Amino acid sequence: MATCRPISGLKLDEKSKKMLQSIKRKGRLQKVLATALATGVVSNIFTKNDLPVAVYNITQTDWKLYAEAMKAIPSITKMAMRKEVELMIINYEMNYDRKHLQFWRGIHNGCKK
Amino acid sequence: MAAKNKLLFAAIVGIFLTTYQASAQTEVRQNMVIQFAQKEIAKSTLKLGDRIEFCENLKNSHSLLFDSEIFESLKIQKNEILLALSHLSFRNSFECENRLRVNLAYDLGVLASIRKYYQLDEQIILDIKSELIYPSIDEIKLSINYAKLPFKLKEYLEKEIGDKPFDLLKTLEINKLTRM
(Lines give C-alpha, C1' and ligand atoms only; values in the text may rest on other atoms or scores of the structure.)
Protein backbone atom coordinates (compact mmCIF):
# COMPACT_ATOMS: atom_id res chain seq x y z
CA MET A 1 0.00 0.00 0.00
CA ALA A 2 1.46 3.34 -1.07
CA THR A 3 1.47 5.98 1.67
CA CYS A 4 1.49 9.79 1.72
CA ARG A 5 1.05 10.29 -1.99
CA PRO A 6 0.56 13.91 -3.01
CA ILE A 7 -3.06 14.69 -3.73
CA SER A 8 -3.97 17.43 -6.15
CA GLY A 9 -7.33 19.11 -6.47
CA LEU A 10 -8.84 17.71 -3.27
CA LYS A 11 -11.86 19.68 -2.18
CA LEU A 12 -12.95 18.39 1.20
CA ASP A 13 -16.62 17.55 1.39
CA GLU A 14 -18.83 18.49 4.33
CA LYS A 15 -18.44 15.12 6.01
CA SER A 16 -14.66 15.35 5.97
CA LYS A 17 -14.70 18.94 7.18
CA LYS A 18 -16.96 17.97 10.06
CA MET A 19 -14.72 15.08 10.96
CA LEU A 20 -11.63 17.28 10.96
CA GLN A 21 -13.43 19.64 13.35
CA SER A 22 -14.26 16.68 15.55
CA ILE A 23 -10.64 15.55 15.59
CA LYS A 24 -9.51 19.09 16.41
CA ARG A 25 -12.01 19.18 19.29
CA LYS A 26 -10.59 15.99 20.67
CA GLY A 27 -7.12 17.52 20.61
CA ARG A 28 -8.41 20.51 22.58
CA LEU A 29 -10.16 18.28 25.09
CA GLN A 30 -6.97 16.30 25.51
CA LYS A 31 -5.31 19.52 26.65
CA VAL A 32 -8.20 20.22 29.03
CA LEU A 33 -7.95 16.78 30.57
CA ALA A 34 -4.17 17.08 30.77
CA THR A 35 -4.48 20.48 32.44
CA ALA A 36 -7.06 19.13 34.85
CA LEU A 37 -4.70 16.38 35.88
CA ALA A 38 -1.68 18.65 35.94
CA THR A 39 -3.48 21.01 38.26
CA GLY A 40 -5.33 18.21 39.99
CA VAL A 41 -3.52 18.73 43.23
CA VAL A 42 -4.68 22.33 43.35
CA SER A 43 -7.70 22.17 41.03
CA ASN A 44 -7.52 25.87 40.41
CA ILE A 45 -9.12 25.76 37.01
CA PHE A 46 -12.16 24.10 38.45
CA THR A 47 -12.93 26.27 41.45
CA LYS A 48 -13.95 29.85 41.60
CA ASN A 49 -11.24 31.40 43.69
CA ASP A 50 -7.70 30.94 44.83
CA LEU A 51 -7.99 30.05 48.46
CA PRO A 52 -5.35 31.53 50.70
CA VAL A 53 -6.49 29.47 53.65
CA ALA A 54 -6.62 26.14 51.80
CA VAL A 55 -4.05 23.59 52.82
CA TYR A 56 -3.13 20.74 50.53
CA ASN A 57 -1.31 17.60 51.47
CA ILE A 58 0.25 16.11 48.41
CA THR A 59 2.06 12.86 48.80
CA GLN A 60 4.80 11.39 46.66
CA THR A 61 2.22 8.86 45.47
CA ASP A 62 -0.05 11.69 44.32
CA TRP A 63 2.67 13.25 42.19
CA LYS A 64 3.52 9.90 40.65
CA LEU A 65 -0.14 9.17 39.95
CA TYR A 66 -0.76 12.47 38.20
CA ALA A 67 2.43 12.21 36.15
CA GLU A 68 1.53 8.72 34.95
CA ALA A 69 -2.07 9.65 34.24
CA MET A 70 -0.81 12.53 32.12
CA LYS A 71 1.15 10.07 29.99
CA ALA A 72 -1.98 7.95 29.50
CA ILE A 73 -4.07 10.77 28.05
CA PRO A 74 -2.53 10.75 24.56
CA SER A 75 -3.42 7.03 24.20
CA ILE A 76 -7.04 7.80 24.97
CA THR A 77 -7.18 10.73 22.56
CA LYS A 78 -5.27 8.93 19.83
CA MET A 79 -7.71 6.02 20.07
CA ALA A 80 -10.70 8.36 19.78
CA MET A 81 -9.12 10.07 16.76
CA ARG A 82 -8.06 6.82 15.13
CA LYS A 83 -11.61 5.51 15.22
CA GLU A 84 -12.86 8.64 13.49
CA VAL A 85 -10.25 8.31 10.77
CA GLU A 86 -11.06 4.63 10.20
CA LEU A 87 -14.74 5.51 9.94
CA MET A 88 -13.90 8.02 7.23
CA ILE A 89 -11.80 5.49 5.32
CA ILE A 90 -14.66 2.99 5.44
CA ASN A 91 -17.09 5.71 4.35
CA TYR A 92 -15.01 6.55 1.27
CA GLU A 93 -14.44 2.89 0.46
CA MET A 94 -18.19 2.33 0.57
CA ASN A 95 -19.00 5.57 -1.25
CA TYR A 96 -15.94 5.47 -3.40
CA ASP A 97 -14.06 8.75 -3.63
CA ARG A 98 -10.42 8.27 -4.53
CA LYS A 99 -9.08 11.63 -3.37
CA HIS A 100 -10.88 11.65 -0.04
CA LEU A 101 -9.86 8.06 0.51
CA GLN A 102 -6.24 8.95 -0.20
CA PHE A 103 -6.49 11.90 2.17
CA TRP A 104 -7.84 9.91 5.08
CA ARG A 105 -5.47 7.02 4.49
CA GLY A 106 -2.68 9.56 4.58
CA ILE A 107 -3.90 10.83 7.95
CA HIS A 108 -4.21 7.27 9.23
CA ASN A 109 -0.65 6.53 8.18
CA GLY A 110 0.53 9.60 10.05
CA CYS A 111 1.42 11.80 7.11
CA LYS A 112 2.13 15.32 8.25
CA LYS A 113 2.46 18.57 6.28
CA MET B 1 -22.51 55.31 74.51
CA ALA B 2 -18.99 55.05 73.15
CA ALA B 3 -18.61 51.74 74.99
CA LYS B 4 -21.88 50.47 73.51
CA ASN B 5 -20.66 51.46 70.03
CA LYS B 6 -17.38 49.68 70.65
CA LEU B 7 -19.28 46.59 71.76
CA LEU B 8 -21.53 46.74 68.71
CA PHE B 9 -18.53 47.19 66.44
CA ALA B 10 -16.76 44.21 68.06
CA ALA B 11 -19.91 42.10 67.65
CA ILE B 12 -20.22 42.97 63.98
CA VAL B 13 -16.53 42.23 63.37
CA GLY B 14 -16.92 38.98 65.29
CA ILE B 15 -19.90 37.91 63.19
CA PHE B 16 -18.04 38.83 60.03
CA LEU B 17 -14.94 36.85 61.00
CA THR B 18 -17.00 33.80 61.98
CA THR B 19 -18.92 33.93 58.70
CA TYR B 20 -15.70 34.36 56.71
CA GLN B 21 -14.03 31.47 58.54
CA ALA B 22 -17.08 29.25 58.04
CA SER B 23 -17.17 30.22 54.38
CA ALA B 24 -13.46 29.55 54.01
CA GLN B 25 -13.91 26.20 55.74
CA THR B 26 -16.75 25.38 53.31
CA GLU B 27 -14.54 26.29 50.37
CA VAL B 28 -11.73 24.17 51.73
CA ARG B 29 -14.09 21.22 51.94
CA GLN B 30 -15.33 21.89 48.41
CA ASN B 31 -11.79 21.84 47.08
CA MET B 32 -11.05 18.63 48.94
CA VAL B 33 -14.13 16.99 47.44
CA ILE B 34 -13.18 18.09 43.92
CA GLN B 35 -9.58 17.04 44.48
CA PHE B 36 -10.73 13.60 45.59
CA ALA B 37 -12.84 13.21 42.45
CA GLN B 38 -9.96 14.33 40.24
CA LYS B 39 -7.64 11.85 41.88
CA GLU B 40 -10.07 9.07 41.02
CA ILE B 41 -10.08 10.35 37.44
CA ALA B 42 -6.27 10.27 37.39
CA LYS B 43 -6.33 6.61 38.51
CA SER B 44 -8.91 5.54 35.96
CA THR B 45 -7.22 7.56 33.19
CA LEU B 46 -3.98 5.75 33.87
CA LYS B 47 -5.67 2.34 33.83
CA LEU B 48 -7.59 3.06 30.64
CA GLY B 49 -4.48 4.37 28.88
CA ASP B 50 -2.59 1.19 29.76
CA ARG B 51 -5.49 -0.97 28.65
CA ILE B 52 -5.83 0.84 25.32
CA GLU B 53 -2.16 0.22 24.60
CA PHE B 54 -2.59 -3.45 25.45
CA CYS B 55 -5.63 -3.77 23.17
CA GLU B 56 -3.89 -1.84 20.37
CA ASN B 57 -0.95 -4.24 20.51
CA LEU B 58 -3.37 -7.18 20.28
CA LYS B 59 -5.11 -5.52 17.35
CA ASN B 60 -1.93 -4.70 15.45
CA SER B 61 -0.78 -8.30 15.57
CA HIS B 62 -4.07 -9.73 14.38
CA SER B 63 -5.62 -9.63 10.92
CA LEU B 64 -7.91 -12.13 9.25
CA LEU B 65 -8.22 -13.81 5.88
CA PHE B 66 -11.71 -14.93 4.89
CA ASP B 67 -12.94 -17.43 2.36
CA SER B 68 -14.21 -15.21 -0.47
CA GLU B 69 -16.25 -18.12 -1.83
CA ILE B 70 -18.44 -17.89 1.24
CA PHE B 71 -19.28 -14.28 0.39
CA GLU B 72 -19.99 -15.26 -3.21
CA SER B 73 -22.22 -18.16 -2.21
CA LEU B 74 -24.15 -15.90 0.17
CA LYS B 75 -24.41 -13.25 -2.56
CA ILE B 76 -23.07 -10.60 -0.19
CA GLN B 77 -22.29 -7.14 -1.53
CA LYS B 78 -18.85 -5.69 -0.86
CA ASN B 79 -20.30 -2.76 1.11
CA GLU B 80 -22.09 -5.18 3.40
CA ILE B 81 -18.79 -6.88 4.19
CA LEU B 82 -17.12 -3.51 4.80
CA LEU B 83 -19.91 -2.46 7.12
CA ALA B 84 -19.81 -5.75 9.01
CA LEU B 85 -16.04 -5.76 9.44
CA SER B 86 -16.00 -2.13 10.58
CA HIS B 87 -18.64 -2.76 13.21
CA LEU B 88 -16.97 -5.93 14.47
CA SER B 89 -13.61 -4.20 14.64
CA PHE B 90 -14.99 -1.35 16.74
CA ARG B 91 -17.01 -3.76 18.83
CA ASN B 92 -14.06 -5.97 19.66
CA SER B 93 -11.80 -3.01 20.45
CA PHE B 94 -14.49 -1.58 22.70
CA GLU B 95 -15.02 -4.89 24.49
CA CYS B 96 -11.30 -5.16 25.10
CA GLU B 97 -11.29 -1.79 26.92
CA ASN B 98 -14.91 -1.76 28.05
CA ARG B 99 -14.69 -2.08 31.80
CA LEU B 100 -11.96 0.52 32.20
CA ARG B 101 -13.63 2.90 29.77
CA VAL B 102 -16.84 2.62 31.78
CA ASN B 103 -14.89 3.24 35.00
CA LEU B 104 -13.40 6.47 33.65
CA ALA B 105 -16.80 7.59 32.35
CA TYR B 106 -18.20 6.96 35.83
CA ASP B 107 -15.45 8.92 37.56
CA LEU B 108 -15.89 11.82 35.15
CA GLY B 109 -19.61 11.66 35.84
CA VAL B 110 -18.95 11.89 39.56
CA LEU B 111 -16.86 15.02 39.03
CA ALA B 112 -19.56 16.53 36.82
CA SER B 113 -22.12 15.81 39.50
CA ILE B 114 -19.94 17.38 42.20
CA ARG B 115 -19.36 20.45 40.11
CA LYS B 116 -23.08 20.78 39.50
CA TYR B 117 -23.69 20.54 43.24
CA TYR B 118 -21.27 23.38 43.86
CA GLN B 119 -22.82 25.34 41.00
CA LEU B 120 -19.70 25.13 38.88
CA ASP B 121 -19.81 24.56 35.16
CA GLU B 122 -19.82 20.85 34.36
CA GLN B 123 -20.12 21.13 30.57
CA ILE B 124 -16.41 20.65 29.94
CA ILE B 125 -16.51 17.31 31.76
CA LEU B 126 -19.50 16.21 29.71
CA ASP B 127 -17.64 17.22 26.53
CA ILE B 128 -14.65 15.10 27.52
CA LYS B 129 -16.90 12.10 28.11
CA SER B 130 -18.75 12.63 24.86
CA GLU B 131 -15.70 13.17 22.64
CA LEU B 132 -13.06 10.95 24.20
CA ILE B 133 -14.86 8.20 26.11
CA TYR B 134 -18.21 7.39 24.54
CA PRO B 135 -18.72 5.90 21.06
CA SER B 136 -19.39 8.43 18.29
CA ILE B 137 -22.74 8.73 16.51
CA ASP B 138 -21.16 7.11 13.44
CA GLU B 139 -20.12 4.07 15.48
CA ILE B 140 -23.63 3.78 16.86
CA LYS B 141 -25.09 4.03 13.33
CA LEU B 142 -22.68 1.28 12.29
CA SER B 143 -24.11 -0.98 15.04
CA ILE B 144 -27.67 -0.26 13.93
CA ASN B 145 -26.86 -0.99 10.27
CA TYR B 146 -24.94 -4.12 11.23
CA ALA B 147 -28.06 -5.53 12.89
CA LYS B 148 -29.88 -5.29 9.54
CA LEU B 149 -27.27 -7.34 7.65
CA PRO B 150 -28.01 -10.89 6.44
CA PHE B 151 -27.90 -13.36 9.29
CA LYS B 152 -25.61 -15.80 7.46
CA LEU B 153 -22.99 -13.11 6.91
CA LYS B 154 -23.03 -12.09 10.57
CA GLU B 155 -22.91 -15.71 11.68
CA TYR B 156 -19.91 -16.47 9.48
CA LEU B 157 -17.93 -13.37 10.39
CA GLU B 158 -18.62 -13.54 14.11
CA LYS B 159 -17.48 -17.15 14.14
CA GLU B 160 -14.31 -16.32 12.20
CA ILE B 161 -13.48 -13.13 14.07
CA GLY B 162 -14.48 -13.97 17.63
CA ASP B 163 -13.99 -11.29 20.24
CA LYS B 164 -10.33 -10.40 19.76
CA PRO B 165 -9.42 -6.93 18.49
CA PHE B 166 -8.17 -7.05 14.90
CA ASP B 167 -6.53 -4.71 12.41
CA LEU B 168 -9.43 -3.55 10.26
CA LEU B 169 -7.51 -1.90 7.45
CA LYS B 170 -4.97 -4.71 7.14
CA THR B 171 -7.84 -7.21 7.08
CA LEU B 172 -9.52 -5.27 4.27
CA GLU B 173 -6.23 -5.23 2.38
CA ILE B 174 -5.45 -8.94 2.59
CA ASN B 175 -9.02 -9.79 1.61
CA LYS B 176 -8.78 -7.41 -1.36
CA LEU B 177 -11.69 -5.37 -0.08
CA THR B 178 -9.98 -2.04 -0.46
CA ARG B 179 -9.49 0.04 -3.57
CA MET B 180 -6.10 1.43 -2.60
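The values are calculated or read from the model by the stated rules, or taken from the named source; none is laboratory data. Fair warning: this is a prediction, and the values are worked out from it, not measured in the lab. Quick reminder, even Gly has a Cβ in these numbers, built from the backbone with ideal geometry, and neighbours come from all protein chains shown. Just so you know, the surface numbers come from the protein's heavy atoms only, side chains and all, with ligands and any DNA or RNA stripped out. Shrake-Rupley method; radii C 1.70, N 1.55, O 1.52, S 1.80 Å.
Data table
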read-out: Other protein chain Cβ atoms within 10 Å, averaged over every residue that makes up B:128-139; value: 5
read-out: Rounded to 10°, Cα long-axis angle of helix B:151-161 versus longest principal axis of chain B; value: 80 degrees
read-out: Hz values of 3J(HN,Hα) by residue in segment A:14-25 - Karplus curve (6.51, -1.76, 1.60), Gly and Pro given as x; value: 4, 4, 5, 4, 4, 5, 5, 5, 4, 5, 4, 4
read-out: Highest-first arrangement of B:64-75, B:132-143, where packing means the average Cβ count within 10 Å; value: B:132-143, B:64-75
read-out: Karplus-derived 3J(HN,Hα), 6.51/-1.76/1.60, for each residue of segment B:57-71, Hz, glycine and proline x; value: 5, 4, 4, 5, 9, 9, 9, 10, 10, 9, 8, 5, 5, 4, 5
read-out: Dipole moment magnitude, nearest 20 debye, chain B about Cα centre, only Lys, Arg, Asp, Glu C-beta charged; value: 720 debye
read-out: Rounded to whole Hz, the Karplus (6.51, -1.76, 1.60) HN-Hα couplings of segment B:164-177, x for glycine and proline; value: 7, x, 9, 7, 4, 5, 5, 4, 4, 4, 6, 9, 6, 9
read-out: Accessible area that becomes buried as B packs against A, both chains, 1.4 Å probe, Å², nearest 100; value: 4800 Å²
read-out: Principal semi-axes in Å for segment B:102-177 [√(5λ), Cα gyration tensor, largest first]; value: 38, 13, 12
read-out: Rh (Kirkwood; distinct C-alpha pairs) - segment B:22-180, Å; value: 18.3 Å
read-out: Stretchable slack from residue B:151 to residue B:63, in nm (0.36 nm times residue separation minus alpha-carbon distance); value: 29.4 nm
read-out: Contact order relative to length of chain B, as percent, for alpha carbon pairs under 8 angstrom and 6 or more apart; value: 37 percent
read-out: Selected from B:108, B:7, B:81, residue furthest toward positive end of dipole (chain B; charges at beta carbon); value: B:7
read-out: Lysines whose Cα lies under 22 Å from that of residue A:64, excluding same-chain neighbours fewer than 8 positions away; value: A:31, B:39, B:43, B:47
read-out: Charge tally in the Cβ shell below 12 Å around residue A:20, where Lys, Arg are +1 and Asp, Glu are -1, residue A:20 excluded; value: +3
